[in-house]
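Single-structure report; data block below.
Each value in this text was obtained by applying a stated rule to the coordinates, not by laboratory testing. On a predicted model such as this, the values are computed, not experimentally measured, just so you know. So basically every Cβ, Gly included, is an ideal-geometry build from the backbone, and we count neighbours across all protein chains shown.
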Amino acid sequence: MAMEAVRLNAGLPVYEAAHATHVYEPLLTALFAEVFQVFGLNLLAARIVMSIFALALIIFFSDIFCSGKSRACSAIALLLFLGINFRTNLIFFSTQPDWIAALLAIVALYVWTTRKSSLLLSFVSVALFLCAMLCKQTSAAFALVPLVYVLLWKRPLQLRDLALSLLPTMSILLAVAAIRSLWPQMFTAMVTIPASIKVYPGRAWNVTLYLFATFPIFLIALWSIWQSRNSLTEGERWILSALIVFLPVSIWTTCKSGSGYNSLLFAYLAMTALFVARLEAIFHWLRSLSIQRRPVAAIAMALAILASFFLQFDQAVALLSVRHGDEKYDIAVALARNLKSVISPQDPTIAYRANGYFGRSLFFELDTHAVEGNWPEQLPMSILQELGKRRLRHPGP
């Protein structure tokens, strides 16, 4: 992914028929290109920038749901949203675009809910939805939330409200159609190839059971709503609308070949948001208990929170010490400088740092040349052809 940004900075085409790029969206490449313009090819800088976006989303979420509430509520909300990091393979420190896509889409939703018939704010909201989709494809699901909200909560249902709620979704569809017409190579990378990745529907039940059974604070939030005699707040209605969208979308993406726990990020954000929105009601219920029952309930609540965020703590911490041969990286670059010809498809940055060669990425080529939705068993012909050309250009070892 980093080398694609370097290609962009060098004026080389990122989207072309003869070149396989990553399956994320073009704004990620553009963002990394700007980072590398400032810091050079520095992967740590890229991770820090993505972590800043993640932290911005967490602070924004905490401010939305704890506005006008106690500082304790804000502090707990901040910690809870930070805790999602332990359920998503430490994606807070990753260069994957999930957090920045979620930030853009959630700001878009917030602007949409507060626009008050403003044409300018409606335009800003739609633009943010499009930017989120151009960071990661699945964030397009955020555009469905206004439609679900109108169908669930608007009574009487008016045709004008329904038409307006379709605007974000239709805008994304029109944007994708325009890209397909004007830039087919980009469409292939951002739609065709990701759509060809195999989905295993048989995993859906296990993923669903895992999601609910290992995140008990969500069940507590639902129980709190069921027990409450008060009507739902506007924020809670929006969260429930988001859950209807993100639970199936997150489960479906987790069932795709090669997916990981980061695919559940959008679901975890919505589930945690519901619990945070119900925090004061839950605290009020705890205070209403008898002196004998209150400590037991408080301990059970604390255990539910710990279980929700630290169930995979050992796996998450183990990721911090995984090196993947990083200590040998400089040695590999130094050796590559002394070779007449070298390609490094598993890590194209090695050949680039050694002699400025822009090589192919093995992983991108495997994605592009998938067989029945999975990576092929043999090396793609594009990699073999690249190796053959380099040998012919520089005969010898």
- Mean Cβ neighbour count within 10 Å, used as a protection proxy, ranking 235-241, 356-362 highest first: 235-241, 356-362
- Message: Using helices alone, I'd like the mean residue ellipticity at 222 nm for the chain: each DSSP H run of four-plus residues gives -39500 (n - 2.57), total over residue count, nearest 500.
- Response: -20000 deg cm²/dmol
- Taking the chain as a Gaussian network, Cα atoms linked when under 10 Å apart, which of Ile282, Ile217, Ile100 shows the biggest mean-square fluctuation? Ile282
- Beta carbons within 10 angstrom, averaged per residue: use that to sort the peptides 251-262, 294-305, highest first. 251-262, 294-305
- Query: If the chain between Ala318 and Asp161 were fully stretched, how many nm would it gain, using 0.36 nm times the residue separation less the Cα-Cα distance?
  - Reply: 51.6 nm
- Charge sum, other residues only, whose C-beta stays under 11 Å from Asn262's C-beta, Lys/Arg counted +1 and Asp/Glu -1: +1
- Task: Between the alpha-carbon centers of segment 1-49 and segment 130-184, tell me the distance in whole angstrom.
- Result: 28
- Item | Spin-label model distance (nm) - Arg294 vs Phe212, 7 Å beyond Cα toward Cβ | 3.3
- Item | Cut-off under 5 Å, modelled amide H: who pairs with His19 long-range | none
- Sorted on mean Cβ neighbours within 10 Å (highest first), peptides 151-157, 170-176 come out as 170-176, 151-157
- Within segment 331-355, whose backbone N sits under 18 Å from a point 7 Å along Cα→Cβ of Gln385? 343-345
- Task: Would you kindly derive the ³J(HN,Hα) couplings of segment 180-189 from the backbone phi angles with the Karplus curve 6.51 cos²θ - 1.76 cosθ + 1.60 (θ = phi - 60°), listing them in order in whole Hz, with x for Gly and Pro?
- Result: 4, 7, 8, 9, x, 5, 5, 4, 4, 5
- Item | the chain - percent relative contact order, Cα under 8 Å, separation 6 or more | 19
- What is the distance in Å between the Cα centres of segment 262-337 and segment 193-259? 16
- Message: Charges at C-beta only: +1 for Lys and Arg, -1 for Asp and Glu. How large is the resulting dipole of the chain about its Cα centre, in Debye rounded to 20?
- Response: 500
